[in-house]
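This is the structure I want to talk about, given as C-alpha cells.
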Amino acid sequence: LAALITAIAVSLFLEYLAQNPALFGNRPRGFPTELVTKALGGQAPLTLGPVVLDRVDVLVFGLTLVLMMALHLVIKQTRIGQAMRAVSDNPGSAVLMGIDPDRVVSFCFALGGALAGIAGVLWAVKYPTIDPFMGLMPGLKAFVAAVLGGIGSVPGAVLGGLLLGVVEALSAASPLSAYKDALVFLLLIVILLVRPTGLLGRPWKEKV
C-alpha cells in the first residue's frame with residue numbers, strides 16, 4: 001500500500017513538473033503518426049465482409065495481444081517469473097530460497113514501465129494529441145481493470161479491461177454517456193463489495 005501511494009504521488013509530481021515551460025509546457029501537442037500510417041498501408045479502414053475495422057485499432061489490438069501473451073509466458077515459464085511469484089506470495093520465504101527481492105522488484109518496475117511506455121505510444125497513435133496529463137485517466141482505468149479481474153492475474157486484467165470497454169461502449173450509446181467515467185468507478189465499488197479479490201483473483205487469509 002505504501003509503495004502504491006508513493007507511486008501515485010511520484011506520478012503526479014512528474015505530471016505537474018512536465019508542465020514547466022522549460023520542459024514540456026501545458027499546451028497539448030500533436031503526435032506524429034505518419035510513419036505508423038505508412039506502415040499500416042494508409043488510413044483507409046479494413047473491410048472484412050460486414051465488419052469495418054480501423055487499421056490503428058487492429059494494430060493496437062494485435063500488439064496488445066502479443067504483449068499480454070509474452071507477459072504471461074514470462075511470469076509462468078521463466079526463472080525471473082517464478083521469483084516474481086515467490087516474492088509476491090511470501091517475501092520472507094523467497095529470501096530463504098536465495099531470491100533477492102530488491103532485484104525482483106526492480107525488474108518488475110522496469111517491465112511495468114516498458115509496458116506503460118508502449119501503451120502510451122499506442123494511445124498517442126490512436127488519439128494523436130499529447131499533454132502531461134494524457135495518462136491520468138487511462139492509468140486509473142487500468143488500475144480499475146486490474147482490480148476487477150484480480151490483482152496479480154494477467155487473464156484477470158484482460159477480462160477486467162474487456163469488461164470496462166463493454167461498460168464504456170454501452171454507456172456512451174445511452175442517455176448516461178456524460179457519466180461513463182463515473183460508471184466505471186461505480187462498477188469498481190460494486191465489485192469490491194461483492195468480490196473484493198476480483199473476478200479471477202484468489203482469496204487469501206491474513207493473520208491479525
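The values are calculated or read from the model by the stated rules, or taken from the named source; none is laboratory data. This one's a predicted model, so the numbers in the text were calculated from it and none came from an experiment. Every residue, glycine among them, receives a Cβ derived from its backbone with ideal geometry; neighbour counts consider all protein chains shown. Areas reflect the complete protein model, heavy atoms only, side chains present, ligands, DNA and RNA absent. Shrake-Rupley method; radii C 1.70, N 1.55, O 1.52, S 1.80 Å.
Can you pull out the residues in the stretch 141-161 that are open to solvent by 50 Å² or more (accessible area, probe 1.4 Å) and in contact (Cβ under 8 Å) with a residue 12 or more places away in the chain?
Step one: of the stretch 141-161, the residues open to solvent by 50 Å² or more (accessible area, probe 1.4 Å) are 142-143, 151-152, 155, 159.
142, 151, 152, 155, 159, listed by residue number.
Then there is this: Here are some conditions: (1) in a helix (DSSP H, G or I); (2) in contact with a helix residue (DSSP H, G or I) (Cβ under 8 Å, 6 or more places away or on another chain); (3) modelled with pLDDT of 80 or more; (4) under 26 Å from residue 56 (Cβ atoms). Residue 112 meets all but one. Which one does it not meet?
All conditions pass for residue 112, except number (2).
Quickly run through the stretch 117-167 and pick out the residues that are of a type in the set (Phe, Trp, Tyr), over 26 Å from residue 89 (Cβ atoms) and either out of contact with any helix residue (DSSP H, G or I) (no Cβ under 8 Å at 6 or more places or on another chain) or not in a loop (DSSP other than H, G, I, E, B) (or both). Working first, answer last.
Of the stretch 117-167, the ones of a type in the set (Phe, Trp, Tyr) are 123, 127, 133, 143.
Imposing the further condition that a residue be over 26 Å from residue 89 (Cβ atoms) reduces the set to 123, 127, 133.
Correct list: 123, 127.
Is it true that residue 197 is among the hydroxyl-bearing types (Ser, Thr, Tyr) and touching a residue at least 60 places away in the same chain (Cβ under 8 Å)?
Details: among the hydroxyl-bearing types (Ser, Thr, Tyr): yes; touching a residue at least 60 places away in the same chain (Cβ under 8 Å): no.
So residue 197 fails the test.
Conditions (1) farther than 13 Å from residue 122 by Cβ; (2) surrounded by 15 or more Cβ atoms within 10 Å (Cβ to Cβ), marked per residue:
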residue: 35; (1), (2): yes, no
residue: 48; (1), (2): yes, no
residue: 51; (1), (2): yes, no
residue: 60; (1), (2): no, yes
residue: 66; (1), (2): no, no
residue: 69; (1), (2): yes, no
residue: 77; (1), (2): yes, no
residue: 81; (1), (2): yes, yes
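Residues of the stretch 83-108 being under 19 Å from residue 68 (Cβ atoms) and free of Cβ contacts under 8 Å to residues at least 40 places away in the same chain, which ones?
Passing the criteria: 84, 85, 107, 108.
Checking residue 73 against (1) closer than 21 Å to residue 159 by Cβ; (2) in contact (Cβ under 8 Å) with a residue 40 or more places away in the chain, which single condition isn't satisfied?
Only one criterion is unmet by residue 73, namely (2).
Restricting the first residue to the stretch 24-49 and requiring it to be part of a helix (DSSP H, G or I), which pairs with a second residue that is modelled with pLDDT under 80 meet a Cβ separation below 9 Å and a spacing of at least six or different chains?
37/43
I would also like to ask the following. Please list, ordered by first then second residue, the pairs with beta carbon atoms under 6 Å, 6 or more apart or interchain, first in the stretch 125-136 and farther than 18 Å from residue 54 by Cα, second surrounded by fewer than 16 Cβ atoms within 10 Å (Cβ to Cβ) and at pLDDT below 85.
132/24
When you scan the stretch 168-185, do you find a residue that is crowded, with 17+ Cβ neighbours inside 10 Å, assigned to a helix (DSSP H, G or I) and among the small types (Gly, Ala, Ser), even just one?
yes
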